[in-house]
Each structure stands twice: as structure tokens, then as C-alpha cells.
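Student: There's a structure below that I have some questions on.
Every read-out reported here was derived from the displayed coordinates using simple, explicitly stated rules and does not represent laboratory data. The shown structure was predicted, so the numbers you read here are calculated from the model rather than taken from an experiment. Glycine gets a Cβ as well: all are built from the backbone with ideal geometry, and neighbour counts include every protein chain shown.
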Amino acid sequence: MEQSNNDPQHLIHPRNRNKRCKVPMLHIFRRFCHRKAMPRVPSTNAMGLVALPSEPQIAQLPVQSQMFQSAQNVDIGGNAKFMNITGDNVTNVVNYDGTQAHGLDSLEEMKSFVSFTAQVDSSAQDPERICHPGTRQNVLRRMKDWFDDPSSAERIFWVHGPAGAGKSAIAQTIAKSYDRQKVAATFFFFRSDASRNDGNRLFPTLAYQLAFSIPAIKNHIVQSLHERPDLPTKSVETQFEHLIALPFRSLCEAASAQSSPLAPVIIIDGVDECTDEKLQQRFLKIIGNAVKDSSFPFRFLICSRPEAHIEDALNTFKTLILPIDLAKLDDANRDIEKYLVEQFSCIASNRGLDPAWPGEDVIENIVYKSSGNFILASVVIKVVGDEDSMPEDQLAIILNLKPPDRMSPFAVLDELYLEILRRQVYQDFLKTFLAILVGRTALSVLGAQTTPNPGDDLHEDDAKLMNVSEKELHTKLRRMRSLLIFEPHIDVHHRSFLDFLNELSRSGDYHISKQAGTKRYVELVVDSIVRYVSMVTQNPNQYVRVCLSKHQQ
């Protein structure tokens, strides 16, 4: 039967018709609707965690086979392959190292439960979020002393401080200062990323890293997965016991009595960014109970805001904890001053200004208004250093800000946020895009996958939601670079900006509640799909061309 020219399939090469084609806009809907639930464990796969092609089976030789009959002292190792030919029968036989093959399979299958973006060397981590050279020397020195003393009585180093105090910068700096022998695994929580705000992913992610940073433990972790393939779907208590505690007990029992533990450190940053407070308390108590056992080989660096429920969980193990309150460190203002002096000097040099600009009085004023928090100083430098504006004009605007509520600890920061927002040219466009950021974050907290998978382009998705080209999207948001990051996708520089938008008393006309942001985000997704479906039905050939172009990329 002759195929209609209106049927888009006739334009697709037969070789490609069964291949999955990424359809623009529809993958936005899939990501929006998809709940980031843990994958189910297939009952038919006794060796794995997710459905994969069946594993190679060792062929059973016929009883009458004469193969190797009467042979002695024959050792077939590795992944040897051979054939048994008996009359008209040919039998392929595979002999493989079960531990290696199954071990690789188990770890590969566990990837579904691992948050790779939460690791310190992930491309999702902001490379600028490290301590400015020469700053935070006090806390970094104390941390390094603790890192280098495996016999320290304190098994948990707890760094806490308010929003903008620099906790994540400190954690990233210290993590990058040591190799895997000292920092065995990391997890950086982030509220707006569904793969990084889920506490159920914490221990599988740590265990996966430990399998590679401490090779001797890999087979023990694999053995746990062989015995209980569904471990990553279990409670965090069960995960920790069988993926971390039990494998290391087995390793210690098998190790030489003369071997001395290095007490490597596991870093967990942003505990308060995990969306489930009760889950935060549970995994903190698990960690505390583990380090009470002197034979447990790991120590923990934990960074968080000083939330009451976190403090309650850690207070149970007070004698094992070395706490550092960043808000009380006497060198915070000195560090902020050093940061400002060097950054202003760099701006002056690049823009041909007086090397003494802007002067000690101005810097002291900004240091005073920062109240020990780096976030204000960081935003000031981003605003003043904007290449599309005059540094002197930008600084003058900042210095003339007059916060209405001087009692609020965020008064100066809020006024700076408001000033940046008021100066944007495309106000309606801006407010709509801010709603996308708020809504996307709110949905990720509920478990929806709103952040990109490998190969997805969230820039393209955002442009389609806003019904503009990517170029126009970036052009209209370019003056927001002091508050937004653009790679790997557009997001806020710091969570404090989302907190600001969520609170009416702080953001005023720019207030966007989580409910309002979610509603607007859903509306934009639906509108985008309607536009796309309309295009497909009206011009199917255009649909195929777009689809093919995506498929070939």
C-alpha cells in the first residue's frame, strides 16, 4: 500500500525508524512528569538492581562429553572461551571470573541510585565556589590539623553557619586539597537539584565512591549487593549497614593485624539542603552511632546551617564532635576585607582606574555591612565587575542603598537584590523566568526530575518555556549574571536569593511563593507542549526535520 506523503515516517531512513528520537518539547514534559523515585528491582534479576540484558551463562557440557576427560591440574582462569565439538554438536563454553564480572555488573547497576552531580569533582559543582586565596586560613588550618590526625578523639568535624557564611566554599576547598586516600568520598546536597536533595541517595553514592577510592573494599560491597540486590531501595539504616559498615568489618577481619587505619574522611556538605528534615536526622544519627565504634575506619566532615533539628541530632554525640561556628570566627571580617581589596584591585587594573580605587573607607563600609558573611561581598564584586557597566557607577548605586529595615540581618543584602532586579530592562520577562526558577526548585523538592539528564539541554528547554530563542533568552538575562549562573544550566548563584524571593516581607513586588512559582511553571510547560503539538499537526514534515536534526546530533 502506498504511503501518504503526509506520513512523517516516509522521510525517515528504515535503518533509523526503530531508534529513539528525542522530540523537542516532549522531553520537557517527560522530565516534568517523571517522579524521581528509586527504580524498582526486578524480581527476575537475582544478580542486579535494574533490568539489564541477561548475563552470560556457563554452558553445561553434555554428560557424554570427552572434553578434558582424565585431565589433571588444569586451571582455566580469566575470561577464557573455547568450543567443545562432539560429532555434529558444537558447544560454546565461557569460563569467566565471576567476582570480577558480577562485581562490575553490580556497581554498574547501582549507578541508578548514585548522585554523580553531588561529588566534589562533578561538572555540576560551581568551580568558583572555593575559598579566595589567603582567606579562611583559621578554619582551614584547624580542619587540616584534624584531617592530618587520624587518632583525634573527635570523629565528626561540624562546620555550621548562616546562609552566605561560606560553608560550601570551605568544604570544596578542603576536599580538593587532599587525594582519595584522605578524602574517600563526598556528597554536596543542593536543594534545587532532585538528584542532590534526596537523602536516600547519600549512602549508595558514598559506597560507590568508596569502591574506587579504596579498591580493597570493592569486592565486599559487591558481595553485599549479590546477597541483597535491592539494597539501594531499602531504608538508609539498611543501606549504611550493608553497603558501608558490613563491608568494612569484613575487610578489617581479613586484613593483617599490623595494618594501621588512615581514618579517611567522608565530606557531607549542605545537610539542610536535603528536603526531608526527618531523613536528615536519621542519617546523622546513623553516622554518629557508627563513629562511636572505635573500629569504624571513617571520620566525617559535616557542613550545614545551624538548624535546631540538626543540632539536636548531633548533640547526642557531643563528645565525638568538633564544632566550628563560622559566625563567631574573629577573622571573618579580615578575610572579607582581603577578598574585597584584591578583587577591587583586579577590577581597577582591568578597567584602567586609579590603583587606589575605591579607597579604604569604602572597603571598610562594605565589610561592616557584610556582617561576617561572604555572600554580600561576593554579590558586590559581581555587580561592580559587570563588563557591561561602569564600575564607579555600579559602586555608587550600592553605597547609596538605604535598607528600610536595619534590624534585619539581611537588610543590606535584600536592598542590593532589589536594586539589581529593579534595574533590569525586561521586567515582565524577568518575573516569569524567576517563577520558573522557583517552581523548578519547588518541584524538585517534591521529587520531580526538573534538572537535566546527560545529553539534555536545559538552556533549550528554558528558551522554549519562555517562547524565545536561546540567544534572546541569554540576552535578556545577561544583566542578571551577578545573581544567576549560566553553566551547565541557568540557576541561582546562591540559595539565599531563592529565600529572598520566597519571603514577601523581603522581596516585595518580586515576591514569588513556592505555590505561585510551581503554578506558573506548570502553565508554561503546558503552553509549550500545546504550541509544539500544534506545529506538528499543521506541518508534519517540519516535525520530522526537527526530529532528525536532534537525532543526528
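Student: Across every pair of different alpha-carbon atoms, what Kirkwood hydrodynamic radius in Å does the stretch 332-400 reach? Don't skip to the answer; put the middle values down first.
Tutor: Working: mean 1/r = 0.0841 Å⁻¹.
Kirkwood radius, the stretch 332-400: 11.9 Å.
Student: Still on this structure, please answer the following. Give or take rounding to whole Å, what are the principal axis extents of the alpha carbon atoms in the stretch 104-328, in descending order?
Tutor: 48, 41, 33
Student: Can you list residues from other chains, or at least 5 along the same chain, whose modelled amide H is less than 5 Å from the amide H of residue 119?
Tutor: 188
Student: In whole angstrom, how far apart do the alpha carbon centroids of the stretch 370-438 and the stretch 268-340 sit?
Tutor: What the calculation gives is 30 Å, centre to centre.
Student: Could you work out the Kirkwood radius for the stretch 185-286, taking every pair of different alpha carbons, averaging 1/r and inverting it, reported in Å?
Tutor: Working: mean 1/r = 0.0696 Å⁻¹.
Evaluated over the stretch 185-286, this radius sits at 14.4 Å.
Student: Here's something else I'd like to know. Counting Lys and Arg as +1 and Asp and Glu as -1, what is the net charge of the other residues whose Cβ lies under 12 Å from the Cβ of residue 512? If you can, show how the numbers build up before the last one.
Tutor: Values: positive: 431, 440, 506, 514, 519, 520; negative: 499, 503, 509.
Around residue 512, the charge tally is +3.
Student: Next up: Along its principal axes, what span do the Cα atoms of the stretch 299-421 show, with the longest given first and each in whole Å?
Tutor: The Cα atoms of the stretch 299-421 stretch 56, 31, 25 Å along the principal axes, largest first.
Student: Pulled fully out, how much extra length does the chain show between residue 292 and residue 348, if you take 0.36 nm times their separation in residues and subtract their Cα-Cα distance?
Tutor: Details: separation 56, 0.36 × 56 = 20.16 nm, distance 5.32 nm.
Extending this stretch completely gives an extra 14.8 nm.
Student: Which value does Rg/Rh take for the stretch 240-337 over its C-alpha atoms, Rh per Kirkwood?
Tutor: 1.05
Student: Would you mind calculating the gained length between residue 307 and residue 474 on full extension (0.36 nm times residue separation, minus the Cα-Cα distance), in nm to one decimal? List each step's numbers first, then the result.
Tutor: Details: separation 167, 0.36 × 167 = 60.12 nm, distance 3.65 nm.
That works out to 56.5 nm of additional length.
Student: If we count other beta carbons within 10 Å of each Cβ, what is the order of 167, 338, fewest first?
Tutor: Lowest count first: 338, 167.
Student: With only alpha-carbon pairs counted, each pair once and no self-pairs, how large is the Kirkwood hydrodynamic radius of the stretch 427-538 in angstroms?
Tutor: Details: mean 1/r = 0.0682 Å⁻¹.
Hydrodynamic radius (Kirkwood, Cα only) of the stretch 427-538 equals 14.7 Å.
Student: What order do you get for 417-423, 427-433 when each peptide is scored by the mean count of other beta carbon atoms within 10 Å, highest first? Kindly include the intermediate steps, with their values, before the conclusion.
Tutor: Working: 417-423: 17.1, 427-433: 15.3.
In descending order of packing, they fall as 417-423, 427-433.
Student: Okay, moving on. Based on the Cβ-Cβ distance of residue 277 and residue 515, what FRET efficiency does E = 1/(1 + (r/R0)^6) give at R0 = 22 Å, to the nearest 0.05?
Tutor: Values: r = 20 Å, r/R0 = 0.90.
It comes out at approximately 0.65.
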